[in-house]
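Some notes on the structure that comes next.
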Amino acid sequence: MLAPTILTGAIVLTGCAFYGLITHRHMIRLVICLNILDSAVLLVIVLLGYEPDAAAPIVRQADLQYVLGLPHALSLTAIVISACTTALMLGYAVRVHRLRGTVYVDRLTRWRG
Amino acid sequence: MRRTLALLISGSIVALGVTTLMLTGTLSDAIRPVDYTLRTVRDTGAINAVTAILFDYRALDTLGEATVIFAASSVLAFLAPRSSASMLSVRLSMLILYGIAFLLPFIMVFGFGTIVFGHVSPGGGFTGGVMLSSSVVIFAVVYSVGGQQSYVLPILVKKYVENAAMFVFVSLGFIGLFSGGAYLANALTGIPLGEPGSLLSGGLIPLLNIATGFKVGMGLALIIISLFAE
Amino acid sequence: MIWVTLALVTLLVVIAFYAVICRSVIAAIVAVGVFSFVVSAIFVALRAPDVAMTQAVVGAGLTTAFFVIALDKTEAADDQESR
Amino acid sequence: MTTSQFPVLLIAIPLMLVPVAFFVSQAKLSVRGFAIASLGLVAMLAYAPLVAALGFGLVLPLEARMGGWGPELGIVLMLDPLAALLLPITNTIIVLGAAIGFPAGERTPIPYFPLWFLLAAGSNGLIVTSDLFNAYVFLEIIAICSHALVAYRGDGYAFESAFKYLIAGLIGSAFILWGIIALFAATGALSLSVIVDRLPGAPPALVAAGFSLIVAGICVKLAIVPFHSWKPDGLTGAPPSSAGAISGVVLSAVLVLMLRVLVGLGGIGGPAQTLSAVSPFPVILTFLGAVSVVVGHSMALVQGRLTRMLAYSSIGHFGAMLLALALVTPAATAAVVFHGANHAVLKSGLFFLCAAAATERGTDRITGLSGYLARRPLELAACAILMLALVGLPPTVGFASKWAMIVEVVRAGGIVRALLIGGGSVIAVVYYLRALHTMIWDGAPRQLPDLGDPRARVTRLALVVGAGYTLVGFVGAGFIFAVASSAVSVLLGGPQ
């Protein structure tokens, strides 16, 4: 019950993010949509390690059943990477605004020839 | 027009995803991933399985991830202008300023604790590093110092610490290469793993944790100060 | 417990919809901050304390701060409403 | 330390050099000399496995287990013939690109050389890793470094290009991450060797979904047509030396990931062609490849800027490679490996020439470069040879690889594909000849170059290296093709 719901939720979130990525032209809103896209994957990664009635993966007793630690490690990596790329894109957006006076992608150059 | 296209594309993504989900059924018939959790204490001496995986089994991922932060921070520091620049246009009230100033030491101690106890409790180099960086950032916001004139730690000092931490991380990997036969090896190098659950356990893991903590903390502080100053 | 998680997932989807379709940028930023907190709460329910901690600090705290700073720096932009 | 740990050095040494370069710069020493020398050292290391395998009987693949853990638990780096063939090429391009693109006369930009070190570490890592999540991390490192190199010139156009490039790259990465997670959910492993062992017992829908998502993400990164619009824009605002490094290094590294996933997971050849059975990917790849060939080459025809023309022509080339890959035969795949290696050398050579021309003339418009090559015999010869090779005419290595590709495609029954690839080359003749004509004859020849600029000398060196490879490679084409074939057969898990 838990797994299908979270998986469906993640898929819907991905759809949402893509809708935003296509419709929005404001740079910061594009970055927000990418953030939502990343969070959807994170949910699925952490879900993969989950088992009902298992403890968090800090081994205090040998006879307990634990949640898998590997997906947690992967999602930690993904969180930090996503934060860094967010910061970078925002930095570029601020720079573009400073130098070009707009944050709307469609108002920037249409490169031709 | 654009909205219709967007609806079409995102709708088809959702439809494809749900179809795959239906075809797969529940995940229970898929092959379970390898269970690291109960091995970790024997293999690495750390009782937090997540830290053990991050800093021992898959330490190369962690090195790569720290490199991502390093790259981002050096690019953003390059973008920030040399002169001190404008800070946020919002002014905070006196009460908030003193409240935050009171909280600051606690945040820093908590951050250090999260790094140092990373292998025996939830947390680790990344989380603790982010806490450290947030304390630097709060300081900058509260006292309105940005750009090069940050009083808590000059930009150059941050860069020194970040580079030194990166150097230490890569060198710790070479210890494994020369004395254990594999890069980033831990138990193979012959370093005692210690009593699981105690502070001095896990071989090289606490050291890698501290190096990562400093690197992440300084890197993220550089990133956010640069964003402020830009 | 399981019902709490399911409710959280539903809330998550609603917030994401709002963040994508709302008109003002600052509303979207606040929404994505709340979104990160809800994600972090789901991680707690999935027994992932490390991830939940990091997501709360990085996703809800730091990333939101990044967005606010960037918006503050670009606010004097075009007078055009977001489309 | 054993020989098998060698691949680690290609990642750890560039990473180690980053802080060292920072300390060197703080000690007021010349970062430039230090950085070029140490990048050269890394490039020499990258030649070592190929030389040792050919001359000293080193047995590839080298398997480096990180931390001593096997593929089930940890990360395993795999230096197989495919990596041994591509590592020398990418590392040479990196050292030349770093030397050519160094901005003279500006204040010493501290993050310039670290970006190249990180690019070297990231691309070497992506080429040697056999772990999917590790590959994702390296992809992100490459993305950040390469778009920072795009933005490096620092004007509004450069940042605009960097933003577009980054957002496209991150959408590609998100697809790839979804795919990796789907494969992980299906098989419980991240290492390619373990995944392929467990494929038979995994839920087929999930495997097909993961595989398709990874391939789709890689198509975004390679700028295959429906996802291509970022690339010409991303490269137009970039300094041409960075553009050369991107199309030479980043695209080759991503191509290696594509081959590892396609071949390593049994999409091509393999026990029962598992993936071609469960997913329609050959059909989709054929379609994307055909559209890319047509659109890439015809858009290149109407471009007025040299960098944009080269960028669109790359799209056409990768389309041709997809057409051959979609045939899922090992021989065609070997031809693709050969052509991919050549394309990296030739494209970055032309981009480096473009960098020199744009530095002198202040523009990369073809009309603005008229007469540039008129009094430069060395540049003229190199440029002509490289363009001939990109078109696919003899006596160049480009002819050899394109011929091999067409022959293998026809042999596998793809007459229409062969015609498409050939037709693309015919269009390419038109636009390359037009550019060459303008750059030689139109307009009045101007003053000779100032050879005091070290960058001009490095550019000439790069052109000589590229043209030399092109001519020597034509003679030794059979040999390179043999290496490529053995690379594919090792990927398939067969004998060398």
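The values are calculated or read from the model by the stated rules, or taken from the named source; none is laboratory data. What you see is a predicted model; the values in this text were computed from it and never measured. Note that each Cβ is placed from the backbone with ideal geometry, even for glycine, and that neighbours are counted across all protein chains shown.
Summary of values
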{"item": "Residue under evaluation A:ARG29, criteria (1) more than 11 Å from chain B (Cβ to nearest Cβ); (2) in contact (Cβ under 8 Å) with a residue 12 or more places away in the chain, criterion not met", "result": "(2)"}
{"item": "When residues of the stretch D:265-282 are limited to those that are out of contact with any Pro (no Cβ under 9 Å at 6 or more places or on another chain) and at negative phi, the one modelled with the lowest pLDDT", "result": "D:LEU275"}
{"item": "Hits in the stretch D:246-264 - residues which are among the hydroxyl-bearing types (Ser, Thr, Tyr) and at pLDDT below 90", "result": "D:SER247"}
{"item": "Per-region count, the stretch B:177-197, residues part of a helix (DSSP H, G or I) and either in contact (Cβ under 8 Å) with a residue 60 or more places away in the chain or at the interface with another protein chain (Cβ under 7 Å from one of its Cβ atoms) (or both)", "result": "4"}
{"item": "Count of residues meeting criterion [more than 9 Å from every other protein chain (Cβ to nearest Cβ) and crowded, with 24+ Cβ neighbours inside 10 Å] in the stretch D:159-168", "result": "1"}
{"item": "Pairs, first within 7 Å of chain B (Cβ to nearest Cβ) and farther than 20 Å from B:THR19 by Cα in the stretch D:197-219, second hydroxyl-bearing (Ser, Thr, Tyr) and assigned to a helix (DSSP H, G or I), C-beta under 7 Å, six or more apart", "result": "D:ARG198/D:THR187"}
{"item": "Criterion (surrounded by fewer than 20 Cβ atoms within 10 Å (Cβ to Cβ), of a type outside the set (D, E, K, R) and modelled with pLDDT of 90 or more) met by exactly one of D:LEU87, D:LEU41, D:LEU58", "result": "D:LEU41"}
{"item": "Any hit, the stretch A:56-71, residues being among the β-branched types (Val, Ile, Thr), more than 7 Å from chain B (Cβ to nearest Cβ) and within 21 Å of C:THR5 (Cα to Cα)", "result": "yes"}
{"item": "Total residues in the stretch A:7-23, condition crowded, with 24+ Cβ neighbours inside 10 Å and either more than 9 Å from chain B (Cβ to nearest Cβ) or not in a helix (DSSP H, G or I) (or both)", "result": "1"}
{"item": "Among the candidates D:PHE113, D:PHE6, D:PHE102, D:PHE23, residue that is surrounded by fewer than 21 Cβ atoms within 10 Å (Cβ to Cβ) and over 18 Å from D:PHE138 (Cβ atoms)", "result": "D:PHE23"}
{"item": "Filter result (over 13 Å from the mean Cα position of the chain (by Cα) and in a helix (DSSP H, G or I)) within the stretch C:10-41", "result": "C:THR10, C:ILE21"}
{"item": "Test for D:LEU77: is it crowded, with 24+ Cβ neighbours inside 10 Å, part of a strand (DSSP E or B) and either touching a helix residue (DSSP H, G or I) at 6+ places or on another chain (Cβ under 7 Å) or modelled with pLDDT under 85 (or both)", "result": "yes"}
{"item": "Of all residues in the stretch D:139-158 being under 21 Å from D:ILE224 (Cβ atoms), of a type outside the set (A, V, I, L, M) and facing chain A (nearest Cβ under 10 Å), the one that is surrounded by the most Cβ atoms within 10 Å (Cβ to Cβ)", "result": "D:HIS147"}
{"item": "Which listed residue, of D:SER173, D:SER193, is closer than 14 Å to D:LEU132 by Cβ and surrounded by fewer than 22 Cβ atoms within 10 Å (Cβ to Cβ)", "result": "D:SER193"}
{"item": "Qualifying positions in the stretch D:1-36 - of a type in the set (Ser, Thr, Tyr) and in contact with a helix residue (DSSP H, G or I) (Cβ under 9 Å, 6 or more places away or on another chain)", "result": "D:THR3, D:SER25, D:SER30"}
{"item": "Among residues of the stretch D:416-447, those that are free of Cβ contacts under 8 Å to residues at least 12 places away in the same chain and closer than 19 Å to D:SER292 by Cβ, counted", "result": "3"}
{"item": "Boolean, D:ALA185 is within 14 Å of chain B (Cβ to nearest Cβ) and not in a loop (DSSP other than H, G, I, E, B)", "result": "yes"}
{"item": "Conditions (1) at pLDDT 75 or above; (2) on the phi < 0 side of the Ramachandran plot: number failed by B:ALA85", "result": "(1)"}
{"item": "Search result, residues across the stretch A:32-41 that are of a type in the set (A, V, I, L, M) and at the interface with another protein chain (Cβ under 7 Å from one of its Cβ atoms)", "result": "A:ILE32, A:LEU34, A:ILE36, A:LEU37, A:VAL41"}
{"item": "Top-ranked residue of the stretch A:59-94 - restricted to ones that are part of a loop (DSSP other than H, G, I, E, B) and under 24 Å from the mean Cα position of the chain (by Cα), ranked as farthest from D:ALA158 (Cα to Cα)", "result": "A:VAL67"}
{"item": "Identity of the residue in the stretch A:95-108, facing chain D (nearest Cβ under 9 Å) and in a helix (DSSP H, G or I), that ends up nearest to the chain's Cα centre (by Cα)", "result": "A:VAL105"}
{"item": "A:ILE45 being free of Cβ contacts under 8 Å to residues at least 24 places away in the same chain, farther than 19 Å from D:LYS164 by Cβ, more than 8 Å from chain B (Cβ to nearest Cβ) and in a helix (DSSP H, G or I)", "result": "no"}
{"item": "The stretch C:1-28, subset facing chain A (nearest Cβ under 7 Å) and either touching a residue at least 12 places away in the same chain (Cβ under 8 Å) or of a type in the set (Lys, Arg) (or both), residue nearest to A:THR14 (Cα to Cα)", "result": "C:ALA16"}
{"item": "Looking only at the stretch B:2-12, and only at residues there that are surrounded by 12 or more Cβ atoms within 10 Å (Cβ to Cβ) and of a type in the set (S, T, N, Q), the one that is nearest to the chain's Cα centre (by Cα)", "result": "B:SER10"}
{"item": "Candidates B:ALA15, B:ALA66 - the one that is within 11 Å of chain A (Cβ to nearest Cβ), surrounded by fewer than 18 Cβ atoms within 10 Å (Cβ to Cβ) and at pLDDT 85 or above", "result": "B:ALA15"}
{"item": "Which listed residue is modelled with pLDDT under 85, within 27 Å of D:PRO71 (Cβ to Cβ) and touching a strand residue (DSSP E or B) at 6+ places or on another chain (Cβ under 9 Å), from B:ALA187, B:ALA182", "result": "B:ALA182"}
